[in-house]
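The values are calculated or read from the model by the stated rules, or taken from the named source; none is laboratory data. The shown structure was predicted, so the numbers you read here are calculated from the model rather than taken from an experiment. Counting neighbours? That spans all protein chains shown, and the Cβs are built from the backbone with ideal geometry, glycine included. Keep in mind that these areas ignore ligands, DNA and RNA; they rest on the heavy atoms of the full protein, side chains included. Shrake-Rupley method; radii C 1.70, N 1.55, O 1.52, S 1.80 Å.
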Amino acid sequence: MIGTLLKLRFRSMLAGFTSQANTKGSKGKGFKILLALLGVYVAIAAFAMMWFLFDALALPYHMLGLDWLYFAMAGVIALGFSLLGSVFATQSQLYDAKDNALLLSMPIKPGHILLSRMLSLLGINLLFAGLIIVPAFAVYLSQIAFSWGTLLCLIPALLGVTVFAQALACLLGWVLHLILGKCNRSVASLLFMVVFLGLYFWIYSQANDILMSLTTSGAAIAGVLETWIWPLYALGRGCSGEPVYLLGYSGICAAVFFLVYLVLAKTFLASATASQASKKRRKLELTGGTLRSPTAALVHKELKKFLGTPIFLTNMGLGLILTLALGVLGVVFRGKILSLLTVLSAQLPGFEDLVPMFICAILLFLNSTCCLSTPTVSLEGKNIWIPKTMPIPARTILQAKLLFHLVLTVPVSVFCALILGIVYRIGTVALILTLLIAGLSACLNGTLGLWAGLRWAKLDYISEAHPCKQSMAVLVSMFGMMGLPVVLGFGYWALDSLFSPTGYMALVVLILTGASLGLYRIITTWGIKRWNNL
């Protein structure tokens, strides 16, 4: 039974990239190749980043005779990286999966359902841990000393960190599920993501100081690990030539995973059904509601779905916060940025005329993170028959999904452009063009996202994480918008002799307007047929 459940889990996790709901055939080879290339690029970039980190640690620790601490630090970093990357996915997959009620109604032990999901999630943590552990071993074997014994330690080290991280992620996911049950899940998830990104950027800005501290405070760090985090201390000892420690480390990781499973198995049934049981009963009020037009009512419905779905708000709403943060940071760091622009203008004549284009490029990039319209079709899910059977034209429904996107993104993007344009005094004509590009890029993002959402709609998802962050539609719309500033930048480089910066920005306005209107035309013709066939 566990094997069958595992097959179902893996099939559902890969469904977004291998199949489509309510359509025949499979995705073209071109998209699969694109997806594979993207995965290879991300893996290489992460490997290179970790290589530089461990390359700076390996030699100092070896000269101090702390080779074991080097491997222990790799375990610490891998454990933290895995936890931050998987705790929300773990909570969602364990307790918020849409097939919970169906599986729990079958003659299947809740513990078997839990175990199958914990095992399937090991793949995520294996990926995160591998991006840390493998470069760490590669640096040590190539820069310090190669030995087959150390190379063989890679396997238990990687598997141990993966299992240990998954156990802690499941435990934290359970605690997170209990906390979210007592508050607004969407807002709590968004706050967590904002805090996480703030911490990430702070660490990134202090990376040199942190790296210097790691290389010079080896003895102090060693004492902390040996006293408080013994499993990772044992990992370091085992990888540096003491196999007894490695056996102890592997045993502890397996024991922690088993104990966490026993604890969660006792509470899984109650926790998985708590969301329904804990809903407050509302008295039926016979008073009249707010009277809205069909379009306004549908936009209101989309907004409630956005604010009430944690994974939707976290992934798409974060882009809105980042756009607002750009305007705030532009004001806060105005002095430093102006000093930098003065230096660049002195070295590169005419650079000050390019400032509006840089503002537009940054806003175009940030707009790619605000794909609000992309998952709206798939999020209808099994309830899509409700809007389809209402006496409302399909055109109105699709327009409402697009309008929902525009109402949230256009004002934020234009406001940020206005603040930056005024603060950096880019000139009246350039400011008007910057505002137009900011608003039109949000319109293009909305129409592109809605087209992609219709093209790769999937209604039989198990978790809402799929349409919001794992679908081909999100991949196409997000990376399509990310690539736009690059394409426009090459265009200006090629047409530099024909257009001034202001003239090229006017051309970009025309391009964005034409692309948005073209996609809108497709949505209101082909898109209506596609909607009716879902």
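Values computed for the structure shown
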| item | result |
| --- | --- |
| Loop sites in region 292-380: trypsin sites (Lys or Arg not before Pro), DSSP, at most 14 other Cβ within 10 Å | Arg292 |
| Net charge contributed by nearby residues that have their C-beta within less than 11 Å of Ser345 (K/R +1, D/E -1) | -2 |
| Entries of Lys109/Lys458; Lys301/Lys529; Lys109/Lys301; Lys266/Lys382 with Cα pairs more than 27 Å apart | Lys109/Lys458; Lys109/Lys301; Lys266/Lys382 |
| Within-15-Å neighbourhood charge of Ala265 [Cβ basis; K, R +1; D, E -1] | +3 |
| Shape of region 376-534, Cα gyration tensor, a/c cut at 1.5 | prolate |
| Potential extension, Phe479-Phe47 segment - 0.36 nm per residue separation minus Cα distance | 153.4 nm |
| Anisotropy class of region 370-444 from Cα gyration tensor, a/c 1.5 cut | prolate |
| Packing rank of 322-331, 147-156, where each peptide gets the mean count of other beta carbons within 10 Å, highest leading | 322-331, 147-156 |
| Linear extension gain, Asp460 paired with Leu341, 0.36 nm per residue minus alpha-carbon span | 37.7 nm |
| Taking region 364-451 and dividing mean pair separation by its residue count, relative contact order in percent (alpha carbons under 8 Å, at least six apart) | 51 |
| Pairwise label distance in nanometres, Ser497 with Leu324, each label 7 Å out on the Cα-Cβ vector | 4.8 |
| Carbon and sulfur %, accessible surface of region 43-177 computed with the full protein complex present, 1.4 Å | 79 |
| Accessible area per residue in Å² at 1.4 Å probe, computed on region 325-425 | 48 |
| Carbon plus sulfur fraction of accessible area for region 330-433, probe 1.4 Å, in percent | 74 |
| Calculated FRET value between Leu104 and Val486, using beta carbons and R₀ = 41 Å, to 0.05 | 0.30 |
